[in-house]
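The structure appears below as structure tokens.
What follows draws every value from the coordinates through simple rules; no lab data is involved. Everything quoted here is computed from the prediction, not taken from an experiment. When we count neighbours, we look across all protein chains shown, and the Cβ atoms used for this are built from the backbone with ideal geometry, even at glycine.
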Amino acid sequence: MTRSIPLRHTAVAVPADPNDQITDDVAHDECGVLGLSTPHGDGVAQLAFFGLFALQHRGQEAAGIAVSDGKRARVHKEPGLVSTVFTPEALKPLTGYHAIGHTRYSTTGSNADRNIQPFLVETMHGPLSVAHNGNLVNAAALRDELLKRGFGLTATSDTEVFTLMLAAAGGQTWQERIERTLPAWKGAFSLVILAADQVIAVRDPWGFRPLSVGRLPHGGHAVASETCALATLGCVDIDEVQPGEMVTLRGAEIERTQVLAPQTNGARCTFEFVYFSRPDSVWADKSVHHVRQQLGVELARESLVEADVVIPVPDSSIPAAIGFSNESGLPFNDGLIKNRYIGRTFIEPTQDIRERGVALKFNALTENLEGKRVIMIDDSLVRGTTAGPLVKLVRDAGAAEVHLRITCPPITHACHFGVDMGHDDDLMAARLTVAEIEEHIGADSLAFLSLDGMMRAVASREAGSDDGYCNACFTGDYPLAITDAQAKLAFEGVLS
């Protein structure tokens with residue numbers, strides 16, 4: 001949909017298709033966010049498009065871009081991938097000097113059109129657009145307070161809560177309104193905010209979700225969930241937005257303010273290193289690709305077994321499989337080829353196709369597997385729906401033995417900070433022991449990386465301390481109270 005403020009009109013978007021991925025046994029990050037401010041305004045929407053394209057892996061349900069020329073703000077957002085949502089015709093009216101963008105996977109609220117970001121509203125202070133990555137654990141209480149104050153809510157996403165609270169906040173500037181509102185937000189958020197003549201980025205004081213800022217090569221600045229997007233735009237002087245920091249971008253000007261004290265014990269999401277982030281991104285001064293290789297090294301040290309070949313489950317497990325191979329001395333080879341274009345299907349699959357879900361996504365290379373004792377490296381085991389079919393696929397290709405190795409500990413608890421893993425009962429490791437999972441999936445052996453081993457790889461600490469990182473999905477030890485946390489679709493009962 002395309003929308004402009006202060007003009008009051010809305011175009012109808014193509015409805016989202018309810019079909020999910022045919023095979024879906026991975027955790028999903030909520031989204032990627034991007035913000036840009038340039039002094040010249042040449043092609044800001046096009047820059048936002050390419051930045052979002054680099055963040056596509058963080059969400060494939062919907063995408064949106066909002067722009068402002070200093071007086072008027074416009075937004076275009078629809079269900080679908082970045083490349084299909086933003087045609088040349090869609091980008092043409094998005095002119096201005098400042099832009100924010102979003103690519104979405106839903107964690108709070110359904111994937112309905114009303115929840116697509118960025119949100120754009122008209123306020124007494126001018127247009128305001130907001131997009132965010134993360135999840136508020138007190139969204140229900142904040143939403144109820146807005147309703148009591150007479151606000152009409154049109155969506156079921158916590159992003160609308162951010163937007164309306166900011167719109168109603170007191171203060172002479174948007175920076176003052178943000179500072180006054182920030183203390184009420186509990187949970188994970190990396191925010192990008194578009195006002196009339198500026199882009200403001202804010203990160204929660206725990207630092208759950210990544211956010212970085214850089215200088216554009218031809219003037220101006222950009223902020224993004226991952227450094228890979230900033231590198232795509234040619235940014236230099238890339239730096240992490242600190243927990244509790246607010247960054248204001250006005251063309252060539254940048255202002256950085258520590259508005260909330262960082263929490264003593266930070267809570268960076270370790271799953272960013274295990275799975276979410278693109279391998280060419282850098283976070284906490286660490287290369288994601290290098291950390292994943294180290295995960296494989298630690299896994300080989302802990303759970304090596306006699307075998308002939310090491311294969312990854314592509315793509316995110318490739319660096320770990322290389323690390324495992326280097327440490328163990330066992331040869332690395334491709335055993336599975338991934339169809340990278342299956343994504344989300346808009347054609348209802350037949351029952352036969354559903355039963356062949358894993359085979360649609362992966363093909364086995366018989367010549368690399370036949371007669372071999374295989375160690376198969378995967379990044380995680382969430383619901384457990386694909387591990388068994390993958391083991392069978394490799395065995396059917398002629399493997400003599402299949403040993404599954406996972407580059408993180410068993411996931412036993414749901415995430416409440418922006419990762420859709422399902423509820424505790426959905427998680428296989430919350431219901432079954434490692435031995436029971438091994439039997440269930442039909443592997444000759446199964447081993448997970450220990451928490452200490454994972455933290456040695458992630459934090460480069462010999463003691464394996466997880467200080468500064470959130471490992472709640474592995475331990476159940478949440479960095480802040482989650483008593484008010486809501487299920488993903490908790491607010492869908494009224495609006496449907």
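Worth pointing out:
- Pair-distance profile P(r), taking every C-alpha pair of the range 151-309, with 5 angstrom steps and integer %: 2, 8, 15, 18, 17, 14, 10, 6, 4, 3, 2, 1, 0, 0
- Reach of residue 338 by Cα under 21 Å, taken over lysines that are not fewer than 8 positions away in the same chain: 361, 372, 392
- Both numbers refer to the Cα atoms of the range 108-239; Rg and Dmax are 15.2, 47 Å.
- Between residue 151 and residue 264, full extension at 0.36 nm per residue minus the direct alpha carbon distance yields a gain of 37.1 nm.
- Here r is the Cβ-Cβ distance between residue 172 and residue 242 and R0 is 25 Å; the resulting FRET efficiency, rounded to 0.05, is 0.50.
- Helical mean residue ellipticity (222 nm; -39500 (n - 2.57) per DSSP H run of 4+; nearest 500) of the chain: -7000 deg cm²/dmol
- If the Kirkwood radius is taken over C-alpha pairs of the chain, then at 37 °C and 0.692 mPa s the Stokes-Einstein diffusion coefficient equals 142 µm²/s.
- Axial C-alpha extent at least 18 Å, average Kyte-Doolittle at least 0.0 - helices from the chain (DSSP): none
- A straight Cα-to-Cα reach below 28 Å connects residue 71 with the lysines 92, residues fewer than 8 places away in its own chain not being considered.
- Just so you know, the Rg over Rh for the range 393-471 is 1.04, from Cα atoms, with Rh as the Kirkwood radius.
- Considering all different alpha carbon pairs of the range 2-265, the Kirkwood hydrodynamic radius works out to 18.0 Å.
- The HN-Hα couplings worked out from phi for the range 413-419 by the Karplus form 6.51 cos²θ - 1.76 cosθ + 1.60 (θ = phi - 60°) are 9, 5, 8, 10, 10, x, 10 Hz, whole numbers, x standing for Gly and Pro.
- Rounded if a/c under 1.5, otherwise prolate or oblate - the range 282-475, Cα gyration tensor axes: oblate
- Long-range HN-HN contacts of residue 374 with modeled amide H, under 5 Å: 308, 400, 401, 402, 403
- Residue order, fewest to most beta carbons within 10 Å, for 161, 305: 305, 161
- Computed P(r) (all Cα pairs; the range 221-261; 10 Å bins; percent): 27, 54, 19, 1
- Cα centroid separation - the range 52-112 against the range 243-257, whole Å: 22
- Added length on full extension, which subtracts the Cα-Cα distance from 0.36 nm per residue, residue 430 to residue 400: 7.8 nm
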